[in-house]
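What follows is a set of notes on a single structure, which appears directly below.
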Amino acid sequence: MKRLISLSAISLFAVCQLMAFEKLTIADITSGKFAATLISEIRPVPNTNQYACVSDDQTKIELYSFKTGKQVQTLFDANNTQGELIKKVDGYILSPDGSKLLIQTATKRIYRRSFTAEYYIYTIKSRKLKRLSVNGPQQSPVWSPDGHQIAFVRANNIYLVKLLYDNAESQVTKDGKPNEIINGIPDWVNEEELSTSSSLVFTADGTMICWIKYDERAVKEYSLQLFKGSHPTHKEFANYPGFYTYKYPKAGEVNAQVSAWAYDIQSHKTNRLQVPLDKDDYMPRIKATLDPNRIIVFTLNRHQDNLNLYSVNPRTTLSQLIINEKADKYVEEEAIEGVIISQNSIILPSDRDGFMHLFEYSMNGTLKRKIGNGKFDITKVYGYDEKTGDVYYQAAALNSHDRQVYVAHKNGKTERITRREGWNDAIFSGDFQFFVNTWSDYNTPYRYAILTNSGKEIVGLESNESLKKTIVEYGFSKREPFSFVTREGVSLDGWMVKPLNFDKSKRYPVILYQYSGPGSQQVKNSWSSGSMGQGGAFDSFLAQQGFLVVCVDGRGTGARGAEFEKCTYLRLGVLEAKDQVETARWLSTLPYVDASSIGIWGWSFGGFNTLMSMSDGSAVFKAGVAIAPPTNWKFYDSIYTERYMRTPKENPEGYEDNPIQRADKLSGALLICHGMADDNVHPQNSFEYAEALVQADKDFREIYYTNRNHSIYGGNTRNHLLRQISNFFIEQLKK
């Protein structure tokens, strides 16, 4: 085995074909046996070549050198503090000067990005640990630039703690109330669809707090029924069910009204900032600058095709439009998330020329330069070095499945600074001289290394050698990429997992996995590729049951430019379903495919597209599994749905073509699975679809998971779910 571990990943898979291996089980998969070792919570220390991260046992926060990769200091040790005691670290936030830490523990998740936690202020030099507040858990704390104050949210109100005054706590807002007014943190739909969990900043001099307020009183409520259940058990619902009720604006319905506010810490005065905004508009971000008289407030119209960046003076409350970004169909959410504001520049991602490139503006809105000129998407922005003018970013420049790290110099020259094909990501040092590179490919787990900003490797940090050995022992199948052209002349890319001891003279049943949502990618040369993570362990399990497992990214998916991604605009599911049907037809032409036994499955949008693909009249799928599927876009949230579909009133034809309306055309055996407490895709979707199938006299199966959210996990739940998927396909496709 030692000789095997020294071989390349491809050689390992080749040898694996000839050797006996351990049998893959779903219990092994859901236990995390095949999870890669990750280096988590890496935080570069500003303006230095050092970074901090949490220890594997979550009891320490350690400081490392980018130059050597070696530990230089223990910043925090839960077993060696003065004052309070905690057992483990869930997260941390460095103070701006690096002298203190906010330690996060006792975390309780709310939605996808939000959570409450108990935070502690830790002074590194004295090892003194003290609670941030004794009045209850906190949300989204923010350091003031001088490190002397911390603002946070509790129960929809903003609070301020002054460290120089013995951590004196004061309440900034008093109108916050659940399901009515939210200060400083987004409501459900803004958090979920605009990728943010904080709407709160200090001014550069720390004298003012600025935030976004969400007035959701007019937003309609949705109630999820809760039962006693298990893992966790809700004893209060032992005899009668209870309800979790929250504000959820569906497509075309009333959204929360948003506004921007400022609070003067010395005078205690609160003023509304004069940011132009229509009633239905959004404020996707509020950002600080290095100028004490300026913050940046983003606004986005309800159609999401017009993004504005306003420079706002929090003292005078006056605003000035500095950047306006218009899009033909919609401004991508990733573009909003990727904006970088430095001392003298604003970097804005935009696909205005057909591909996602970067545009550098001055702080008064003058366009200075464009970064990226090729027919490829820039997929992530890492940072802007103010001293040199260098911009570091990730791009799909080699092909849509690959990611490399690049630097764009001020003189216009661009350099690729990662060398290995596959999937590269980066975390740069505060001085931009080094970065932690995470690399993987289809068949190789994550490898962490420190590189210089020219791409020279200094030291390897983690290469998951133990996991490499494990995947050989368990006979993971190699993921093989392919491409084909549909009958409509569209070139599509995919990957395939074949059973071990594959015999091309035999015909195999196929399971087609897909997600298919706008801008998404499942076909990527990364260890994260695959249906359930862990290097596609579940796909290898299905392959060991005798299936070919295939995945194809159809039209609407990402990293192939704006035209390919946005061609599904106003008609979600039509082209996406066609492309999965075309995939099945193409697979049917392969000599080793059993054309009469092709299945399809997916989760969330993938569940929706499973139903659309099985109901287009082609009857190419013998079976399908739809997990947590949207079945009518009128049931889904406003921001996501209207970005791609506009409102039901504006686009009735687009909304009318959905799985419920196609119920009488369903062909093939179907299993529907849904969490009963899914706050994202409500179980209403599956309930209404099931009724449509009943009235269309269509047979189907359905499984509902008590108290489970969109991810359907907890206790033995995930193990049970994956077994239902695999058993259903075995039963339906291997008769």
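The values are calculated or read from the model by the stated rules, or taken from the named source; none is laboratory data. A quick note: this is a predicted structure, and the numbers were derived from the prediction, not measured. Backbone-built Cβ (ideal geometry, glycine too); neighbour counts: all protein chains shown.
A few comments on the model shown:
- Within the range 661-687, the residues that satisfy the criterion of being surrounded by 17 or more Cβ atoms within 10 Å (Cβ to Cβ) and of a type in the set (D, E, K, R) are ARG662, ASP678, ASP679.
- Test result for LYS478, more than 25 Å from GLY354 (Cβ to Cβ) and in contact (Cβ under 8 Å) with a residue 24 or more places away in the chain: yes
- Evaluation of VAL490 against (1) over 21 Å from LEU572 (Cβ atoms); (2) in contact (Cβ under 8 Å) with a residue 24 or more places away in the chain; (3) not small (Gly, Ala, Ser) (one fails), failing number: (1)
- Criterion violated by PHE538 - all others in (1) under 16 Å from GLY602 (Cα atoms); (2) in a loop (DSSP other than H, G, I, E, B); (3) of a type outside the set (Gly, Ala, Ser) satisfied: (2)
- Within the range 78-110, considering residues that are acidic (Asp, Glu) and surrounded by fewer than 15 Cβ atoms within 10 Å (Cβ to Cβ), the one modelled with the lowest pLDDT: ASP97
- Every pair of residues 6+ apart whose Cβ atoms lie under 7 Å, when the first sits in the range 385-397 and is touching a residue at least 40 places away in the same chain (Cβ under 8 Å) and under 16 Å from GLU334 (Cβ atoms) while the second is of a type outside the set (D, E, K, R) and assigned to a loop (DSSP other than H, G, I, E, B): ALA396/PHE376; ALA396/ALA559
- Residue ID - farthest from TYR508 (Cα to Cα), chosen from residues in the range 583-608 that are among the β-branched types (Val, Ile, Thr) and surrounded by fewer than 24 Cβ atoms within 10 Å (Cβ to Cβ): THR589
- Residue in the range 141-199 that is nearest to CYS210 (Cα to Cα), counting only those that are assigned to a strand (DSSP E or B) and of a type in the set (S, T, N, Q): ASN183
- Top-ranked residue of the range 487-512 - restricted to ones that are out of contact with any Gly (no Cβ under 9 Å at 6 or more places or on another chain) and among the hydroxyl-bearing types (Ser, Thr, Tyr), ranked as nearest to ILE730 (Cα to Cα): SER505
- Qualifying positions in the range 506-531 - of a type in the set (A, V, I, L, M, F, W, C) and not in a strand (DSSP E or B): VAL523, TRP527
- Those residues of the range 609-635 which are surrounded by 24 or more Cβ atoms within 10 Å (Cβ to Cβ) and of a type outside the set (Gly, Ala, Ser), in sequence order: ASN609, THR610, LEU611, MET612, MET614, PHE621, VAL625, ILE627, PRO629, PRO630, THR631, TRP633
- Number of positions in the range 309-325 that are without any contact (Cβ under 8 Å) to a residue 24 or more places away in the chain and in a strand (DSSP E or B): 2
- Test result for ALA623, closer than 15 Å to ILE725 by Cα and in the same structural domain as LEU670 (by TED's automatic domain parsing): yes
- Helices (runs of 4 or more DSSP H) fully within the range 542-636 that include at least 1 residues being over 22 Å from LYS698 (Cα atoms), among the basic types (Lys, Arg) and touching a Ser or Thr at 6+ places or on another chain (Cβ under 9 Å): 574-588.
- Of all the residues in the range 350-378, those that are touching a residue at least 24 places away in the same chain (Cβ under 8 Å), assigned to a strand (DSSP E or B), in contact with a Phe, Trp or Tyr (Cβ under 8 Å, 6 or more places away or on another chain) and not charged (D, E, K, R) number 4.
- Qualifying residue in the range 206-220 (condition: among the acidic types (Asp, Glu) and either in contact (Cβ under 8 Å) with a residue 12 or more places away in the chain or part of a loop (DSSP other than H, G, I, E, B) (or both)): yes
- Search result, residues across the range 278-287 that are surrounded by fewer than 18 Cβ atoms within 10 Å (Cβ to Cβ) and closer than 24 Å to LYS174 by Cα: LYS279, LYS287
- Flag for ILE427 being within 19 Å of ALA36 (Cα to Cα), surrounded by fewer than 21 Cβ atoms within 10 Å (Cβ to Cβ) and not assigned by TED's automatic domain parsing to the domain that holds VAL472: yes
- Test set (1) in contact (Cβ under 8 Å) with a residue 24 or more places away in the chain; (2) outside any loop (DSSP other than H, G, I, E, B); (3) closer than 30 Å to THR245 by Cα; (4) not small (Gly, Ala, Ser) - ARG112 fails condition number: (2)
- The set of residues in the range 223-277 that are of a type in the set (Gly, Ala, Ser) and either assigned to a loop (DSSP other than H, G, I, E, B) or surrounded by fewer than 20 Cβ atoms within 10 Å (Cβ to Cβ) (or both) comprises SER223, GLY229, SER230, ALA238, GLY242, ALA251, GLY252, ALA256, SER259, SER267.
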